[in-house]
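Report on the following structure.
Read the figures in this text as sums done on the coordinates, not as results from a lab. Given the structure is predicted, the values throughout are model-derived calculations rather than measurements. Here the Cβ is made from the backbone with ideal geometry for all residues, glycine too, and neighbour counts use every protein chain on show.
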Amino acid sequence: MTRDVHDEARELIVLGESLSDARRAWLRAHLDECEACLHYAEAVNGAVRTLRSLPFAADSRLVRATQMRVRFHASRLRETRERLWLVGLACLAVGLSATLTVPLLWRLFAWMGESAGVSSWVWQAGFAFFWIVPALLVSAVLLARGSHLTGNGEKQWR
């Protein structure tokens, strides 16, 4: 079923300013030929002008509630930004300490392995285990704390 040209013109008239140049040119050409669509466009434009000329005043309770919500969300954004800054600093500190301590720990494990007379793969496995255990413990603690989904799908920590 093909759409009527006039129905398409009415849909484009309702869209108003959000038309592409090609559609706007097509609509302009159609309005030059079709008097009924031209009257419809004039009526729609008149209604829009009338609606835009009406003053709109919000209730003082609505204004206060909106201001309170905006302030609340602004404070939450500020707190989140501060926390992220601290997390970034903590990540930087962990990276720097790891960079400084890994070579020293590697040498310590090599020395202990040579002193104990164990093969290199044993002390290297011990080093890897020693290096991974803190991350595993923290992961286990976080999993033990658990997380759940609230009713609206947001993740929340207990």
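Side notes on the structure shown:
- For the pair A135 and F72, a Förster radius of 35 Å applied to the C-beta separation gives a FRET efficiency near 0.45, rounded to the nearest 0.05.
- Straightening the chain between S60 and D4 buys 15.4 nm, computed as 0.36 nm per residue apart minus the Cα-Cα spacing.
- Note that region 36-48 has calculated 3J(HN,Hα) couplings of 5, 5, 5, 5, 4, 4, 5, 5, 5, 4, x, 5, 5 Hz, one per residue in order, obtained from phi through the Karplus relation 6.51 cos²θ - 1.76 cosθ + 1.60 (θ = phi - 60°); glycine and proline are x.
- Labels on offer are [x] 18.6, 62; [y] 17.6, 51; [z] 34.2, 101, and the one holding Rg and Dmax of the Cα atoms in Å computed from this structure is [z].
- Local electrostatic count at V87 - Lys and Arg +1, Asp and Glu -1, tallied over other residues with Cβ under 13 Å: 0
- For the chain, Cys with no neighbouring Cys Cβ under 4.7 Å: C91
- Cβ crowding within 10 Å, taken as a proxy for footprinting-reagent exposure, orders C91, C34 from fewest neighbours to most as C91, C34.
- Relative contact order of the chain, taken over Cα pairs closer than 8 Å and 6 or more residues apart, is 9 percent.
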